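J.: A single structure is presented below for examination.
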Amino acid sequence: MYKPDHVKTSPDFPIPDTMRAWVLGDPDQLTLTTKPVPVPKRAEVLVRIDAVAICATDLEIIHHGPPAMIQGGQPFNKNFTPGHEYMGTVAALGPGVDEYKIGQRVTVEIHAGCGQCKRCREGMYTACHNYGLNYGDVDKGHRANGFTTDGGFAEYAVNSINTLVRVSDEMSDEEATLVVTAGTAMYGLTELGGLVAGESVVVTGPGPIGLLGVAVAKALGAQPVILTGTRDNRLQIGRELGADFVINARNEDPVAAVRKLNGGKGVDYVIECSGAPDAINEAARMVNRGGRICLAAFPSKPAEVDIAYLVRNNIYVYGIRGEGKSATHRAEAFMAQKRFDATKVHTHTFALEDLPTALRYARERIEDAIKVVVKTHGHAAANRVAAE
Ligand SMILES: [Zn+2]
Ligand SMILES: [Zn+2]
């Protein structure tokens with residue numbers, strides 16, 4: 001039985017010595033294997049993973065590698081477990097931890113910075129200067145689970161206490177996996193200045209971050225909130241999450257439509273979540289002079305940018321990485337208060353052993369999949385009951 005030195009466990013919460021975990025081999029090659037259950041160090045806990053959502057970045061990592069970085073390089077064939085949008089139950093406490101109790105339900109944010117670099121000291125831990133430096137004699141203790149350290153496509157993971165967010169029993173496992181997605185949208189709005197009540201906001205691209213970006217902007221009091229995209233079913237979900245107007249870019253010019261809705265002047269903020277090659281130029285023409293653009297997605301190739309237009313109009317452009325400045329805590333507070341229903345973006349659930357199918361649903365958007373969740377506990381059993 002699992003009983004490492006200096007780690008607090010509970011007889012009510014027995015932990016096995018080994019666990020099931022998916023491991024990345026060559027690109028696109030995942031194998032379900034057995035690993036030792038990891039051991040938390042100071043200021044860390046062991047989390048029993050109950051559910052994990054699949055993110056477009058997981059697909060990117062499994063196929064291309066970056067932004068994952070293991071031992072200073074590509075994540076392939078390094079016994080690395082991807083997956084980063086998970087929730088679960090605190091199962092064991094590392095030395096000195098009294099902030100959490102065994103048995104508490106938590107969801108996680110991804111980045112635990114090194115805590116000692118310039119950016120970490122400023123609270124910008126998702127931009128830690130020691131990203132991925134957590135091995136050998138350059139070990140700065142940086143963790144970004146599913147990126148630079150083992151992640152959530154497994155039964156257990158180690159998390160810094162700074163990455164934990166308590167969730168109430170009323171919130172389902174599936175909904176709790178979406179806190180970090182809403183937290184990313186919240187971070188974008190935080191970096192844009194945060195005070196969006198009564199300001200006009202456009203969200204471009206109705207993926208999970210875009211849709212929850214609509215929900216968070218609306219919950220913060222933005223008016224109007226406009227969503228642009230090309231799929232009517234996703235735009236409809238955007239409406240249900242609070243968009244005042246939706247624009248299908250297949251049917252009309254989104255820039256002209258946005259400007260028309262704002263008396264010809266354009267909006268105060270754009271949150272760009274589409275990653276389309278020309279999105280930044282379109283966003284620049286959607287905002288008014290002095291407006292702000294947050295880039296939360298990116299094209300796969302370098303894009304051509306009309307810099308003269310940005311300069312002449314004093315337009316601010318922000319790149320954001322992840323879910324910094326404790327934005328997940330603010331997002332969870334909105335969700336706990338039921339200010340929006342994040343589960344509208346959750347479409348499918350699979351068991352841990354069916355991860356390859358779950359990834360295919362997410363990648364190919366089978367049955368209009370948006371957020372696909374994998375459940376480590378319960379789901380397979382539920383399926384068996386249904387089959388009997
Ligand atoms: Zn993600
Ligand atoms: Zn740092």
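The values are calculated or read from the model by the stated rules, or taken from the named source; none is laboratory data. Keep in mind the model is a prediction, meaning the values are calculated, not measured. We place every Cβ from the backbone using ideal geometry, glycine too, and count neighbours over all the protein chains shown. Protein only, heavy atoms only, side chains kept; ligands, DNA and RNA dropped before computing areas. Shrake-Rupley method; radii C 1.70, N 1.55, O 1.52, S 1.80 Å.
J.: Quick one: if you take sqrt(5λ) for each eigenvalue of the C-alpha gyration tensor of the range 274-370, what semi-axes come out, biggest first, whole angstrom? Working shown, then result.
T.: On the way: eigenvalues 216, 84, 28 Å².
Equivalent ellipsoid of the range 274-370: 33, 21, 12 Å, largest first.
J.: Turning to a different aspect of this structure: Against the 2.2 N^0.38 Å scaling, with N counting residues, where does the range 206-341 land? I'd like the Cα-based Rg ratio to two decimal places. Can you show the working numbers first?
T.: Numbers: Rg = 14.7 Å, N = 136, 2.2 N^0.38 = 14.2 Å.
The range 206-341 yields a ratio of 1.03.
J.: Quick check on the range 116-263: take the gyration tensor over C-alpha atoms, sort the square-rooted eigenvalues as a ≥ b ≥ c, and tell me if it's rounded (a/c under 1.5), prolate or oblate.
T.: Numbers: a/c = 2.34, a/b = 1.90, b/c = 1.23.
In terms of gyration-tensor shape, prolate.
J.: What nm distance separates the two modelled labels at residue 139 and residue 232, each placed 7 Å from Cα along Cα→Cβ?
T.: So the two model labels end up 5.8 nm from each other.
J.: Give the shape of the range 168-233 as rounded, prolate or oblate, defined through the alpha-carbon gyration tensor: a ≥ b ≥ c are the square roots of its eigenvalues, a/c under 1.5 means rounded, and otherwise the shape is prolate if a/b is larger than b/c and oblate if not. Provide the component values of the computation, followed by the final result.
T.: Numbers: a/c = 2.06, a/b = 1.29, b/c = 1.59.
Verdict is oblate for the range 168-233.
J.: Can I ask one more? What is the gain in length, in nm to one decimal, between residue 26 and residue 365 on full extension, counting 0.36 nm per residue of separation less the C-alpha to C-alpha distance? Each step should come with its number before you reach the end.
T.: Details: separation 339, 0.36 × 339 = 122.04 nm, distance 2.35 nm.
Full extension of this stretch gives 119.7 nm more.
J.: Now a separate question. If amide H atoms are built 1.01 Å from N in the plane of the peptide, which residues on other chains or at least 5 residues away come under 5 Å of the amide H of residue 349?
T.: Excluding prolines and chain starts, which carry no amide H, the hits are 373.
J.: Add -39500 (n - 2.57) for each DSSP H run of 4 or more in the chain, then divide by its residues: what number comes out at 222 nm, to the nearest 500 deg cm²/dmol? Intermediate results must be reported in sequence, preceding the final value.
T.: On the way: 12 runs with 102 residues, N = 388.
Dividing the helical sum by the residues of the chain leaves -7000 deg cm²/dmol.
J.: For the range 1-98, just say rounded, prolate or oblate: build the C-alpha gyration tensor, square-root its eigenvalues into a ≥ b ≥ c, call rounded for a/c under 1.5, and beyond that prolate if a/b exceeds b/c, oblate if not. Show your work: numbers first, answer last.
T.: Values: a/c = 2.06, a/b = 2.03, b/c = 1.01.
Taking the square roots of the gyration eigenvalues as a ≥ b ≥ c, the range 1-98 is prolate.
J.: Compute the helix-to-body angle for 355-364: its Cα long axis versus the longest principal axis of the chain, expressed 0 to 90° and rounded to tens.
T.: 10
J.: Under the Karplus relation 6.51 cos²θ - 1.76 cosθ + 1.60, θ = phi - 60°, what is the ordered set of whole-Hz ³J(HN,Hα) values for the range 86-94, x standing for Gly and Pro?
T.: Computed from phi, the couplings for the range 86-94 are 10, 9, x, 10, 5, 10, 7, 10, x Hz.
J.: Next up: Whole-Hz Karplus ³J(HN,Hα) for the range 335-351, in order, using 6.51 cos²θ - 1.76 cosθ + 1.60 and θ = phi - 60°, x for Gly and Pro?
T.: Running phi through 6.51 cos²θ - 1.76 cosθ + 1.60 with θ = phi - 60° gives 5, 5, 7, 6, 6, 7, 9, 4, 5, 4, 8, 8, 10, 9, 10, 10, 7 Hz.
J.: Now a separate question. Hey, with R₀ at 25 Å, roughly what FRET efficiency would residue 56 and residue 168 work out to, going by the Cβ-Cβ distance, to 0.05? Working shown, then result.
T.: Details: r = 28 Å, r/R0 = 1.12.
Once the sixth-power term is evaluated, E becomes 0.35.
J.: Net charge near residue 242: determine it from the other residues with C-beta under 15 Å of the C-beta of residue 242, scoring Lys and Arg +1 and Asp and Glu -1. Write out the running numbers ahead of the final one.
T.: Numbers: positive: 218, 234, 239, 338, 339, 344; negative: 199, 240, 244, 341.
Residues close to residue 242 contribute a combined charge of +2.
J.: Roughly how many debye, to the nearest 20, is the charge dipole of the range 164-247 about its Cα centre, given +1 on each Lys and Arg Cβ, -1 on each Asp and Glu Cβ, and no other charges? Show your work: numbers first, answer last.
T.: Working: 5 positive and 10 negative charges, 59 e Å.
The calculated dipole for the range 164-247 is roughly 280 debye.
J.: Another one. So with the 1.4 Å probe, I'd like the accessible area per residue for the chain, rounded to whole Å².
T.: Values: 16840 Å² over 388 residues.
In whole numbers, the chain has 43 Å² accessible per residue.
J.: Next question, about the same structure. Treat every Asp and Glu Cβ in the chain as -1 and every Lys and Arg Cβ as +1, leave all other atoms uncharged, and give the resulting dipole magnitude about the Cα centre to the nearest 20 debye.
T.: Working: 41 positive and 45 negative charges, 175 e Å.
Using Cβ point charges on Lys, Arg, Asp and Glu, the chain gives about 840 debye.
J.: Counting only residues 5 or more places away or on other chains, whose amide H sits under 5 Å from the amide H of residue 92 once H atoms are built in the peptide plane?
T.: The answer is 46.
J.: Turning to a different aspect of this structure: Just to be sure I understand: with springs between alpha-carbon atoms less than 10 Å apart, which residue in 215, 21, 336 has the highest mean-square fluctuation in the Gaussian network model of the chain?
T.: 336
J.: Same structure again: Determine ³J(HN,Hα), in whole Hz, for all residues of the range 18-27 in sequence, where each value follows from phi through the Karplus function 6.51 cos²θ - 1.76 cosθ + 1.60 and θ = phi - 60°; x replaces Gly and Pro.
T.: Result, rounded to whole Hz: 10, 9, 7, 8, 7, 10, 8, x, 6, x.
J.: Further question on the same structure: Compute the acute angle (0 to 90°) between the alpha-carbon long axis of helix 208-219 and the principal axis of greatest extent of the alpha-carbon atoms of the chain; round to the nearest 10°.
T.: Rounded to the nearest ten degrees, it is 70.
J.: How would you order 247-254, 5-12 from highest to lowest mean count of nearby Cβ atoms within 10 Å? Please list the in-between numbers first.
T.: Values: 247-254: 15.6, 5-12: 12.1.
Packing proxy ranking, top to bottom: 247-254, 5-12.
J.: Once you've got the GNM for the chain with C-alpha springs shorter than 10 Å, pick whichever of 81, 148, 31 has the biggest mean-square fluctuation.
T.: 31
J.: So, one more: What residue among 228, 328, 343 shows peak mean-square fluctuation when the chain is described by a Gaussian network model with Cα springs under 10 Å?
T.: Comparing 228, 328, 343 in a Gaussian network model of the chain, the most mobile one is 343.
J.: Based on Cα positions only, what radius of gyration and what Dmax would you give for the chain, in angstroms?
T.: In order Rg, Dmax, the Cα atoms of the chain give 20.9, 67 Å.
J.: Okay, next question. Express the carbon and sulfur contribution to the solvent-accessible surface of the chain as a percent, rounded to the nearest whole number, probe 1.4 angstrom. Intermediate values should be presented prior to the final figure.
T.: Details: 8290 of 16840 Å².
Carbon plus sulfur share of accessible area: 49 percent.
J.: Would you mind estimating how fast the range 272-322 diffuses translationally, via Stokes-Einstein at 4 °C and 1.567 mPa s with the Kirkwood radius over Cα pairs, in µm²/s? Don't jump to the answer; show the numbers that get you there.
T.: Details: Rh = 11.1 Å.
The Stokes-Einstein estimate is 117 µm²/s.
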